[in-house]
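Only the coordinates and a few stated rules stand behind these numbers; no lab work does. Given the structure is predicted, the values throughout are model-derived calculations rather than measurements. All Cβ positions, even for glycine, are placed from backbone atoms using ideal geometry, and neighbour counts span all protein chains on display.
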Amino acid sequence: MRKSIFAILFCLITFSVAAQTSEDKKAILDVLEKQRLAWNKGDLETFMQGYVKSDSLLFVGKSGPTYGWQKTLDNYKKSYSGEAGMGQLTFGIKKIDFLNKDVAFVLGSWHLKREKDEPQGYYTLLFKKIEGIWKIIVDHSS
């Protein structure tokens, strides 16, 4: 009987963690989809809502590290001006790993289709659940 109680508890805990991860994975994918849609409308302000609005946000790109939400937004505006500069964005999600219940690692690819070129690359993101909402706290894109 003791073994069956442990087996039942193990199944309940396993199911609970799997359900949590499934919900959280969907929430993270929703953040990325909202970003993609905002980008493709040329709306950088809404795109940036996927990031934590903090001076501690870390973005690492080809020019090195940038700290802060506003500085990251300013860099996006400078690097991707207007509809021609932004193009149409697509993501390819390769992996989502939960490091704990409030932190997730995402590996993916990005592709911009623009009139004159089609830049593409990869990104790694750290998401953190802050007050129940998943936000990007680190973005390394190349």
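See the values below:
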| read-out | value |
| --- | --- |
| Estimated dipole of the chain in Debye, rounded to 20 [Cβ of Lys and Arg +1, of Asp and Glu -1, Cα centre] | 380 debye |
| Nearest 10 degrees, 0 to 90: helix 2-40 Cα axis against the chain principal axis | 10 degrees |
| Kirkwood Rh, angstrom, segment 2-141 [1 / mean 1/r, Cα pairs] | 16.4 Å |
| Percentage relative contact order, the chain, counting C-alpha pairs under 8 Å, at least six apart | 20 percent |
| Stretch gain in nm, segment K116-D30, where the contour uses 0.36 nm per residue and the Cα spacing is subtracted | 28.0 nm |
| Beta bridge orientation in the chain: antiparallel %, DSSP, nearest 5 | 90 percent |
| FRET E, pair S81, T21, Förster distance 35 Å, beta-carbon r, rounded to 0.05 | 0.35 |
| Angle in degrees between helix 69-79 and the longest Cα principal axis of the chain, rounded to the nearest 10 | 40 degrees |
| In nm, spacing of pseudo-spin labels at L107 and L37 (7 Å Cα→C-beta vector) | 2.9 nm |
| Gap separating the Cα centres of segment 18-85 and segment 100-133, nearest whole Å | 8 Å |
| Estimated [θ] at 222 nm from DSSP helical runs (n ≥ 4, -39500 (n - 2.57)) normalised by residues in the chain, nearest 500 | -13500 deg cm²/dmol |
| Reciprocal of mean inverse Cα separation for segment 89-142 (Kirkwood radius, Å) | 12.1 Å |
| Excluding exposed DSSP-loop GluC sites (Glu not before Pro) (at most 12 other C-beta within 10 Å), longest clean stretch of the chain | 1-114 |
